[in-house]
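The structure appears below as structure tokens.
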Amino acid sequence: MSRALGGRLCVVYLVGPALMQTILSGPDFQPSSAYDDKPFIVAFFGDEGAAIGWLQLQQ
């Protein structure tokens, strides 16, 4: 859908500290650079302000 709209879909997950550690240490975790050639990007944050700041930088 983001290609049809001419942009890039940015997905942010806001999670608690325990879940963040589980996600980051999991075998399937992909760093944001894994999405460089995709029409979307996914990021995980434990702080709402950091998540909003990241979204603003993506514009």
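The values are calculated or read from the model by the stated rules, or taken from the named source; none is laboratory data. Everything quoted here is computed from the prediction, not taken from an experiment. Here the Cβ is made from the backbone with ideal geometry for all residues, glycine too, and neighbour counts use every protein chain on show.
Below, the figures for the structure above:
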| read-out | value |
| --- | --- |
| Verdict on Phe29 being in a loop (DSSP other than H, G, I, E, B) and either of a type outside the set (Gly, Ala, Ser) or modelled with pLDDT under 90 (or both) | yes |
| Residue list for segment 7-26, filter: of a type outside the set (Lys, Arg), under 15 Å from Gln59 (Cα atoms) and in a loop (DSSP other than H, G, I, E, B) | Gly7 |
| Residue list for segment 30-51, restricted to those being loosely packed, with under 14 Cβ neighbours inside 10 Å and within 11 Å of the chain's Cα centre (by Cα) | Gln30, Pro31, Ser32, Ser33, Ala34, Phe40 |
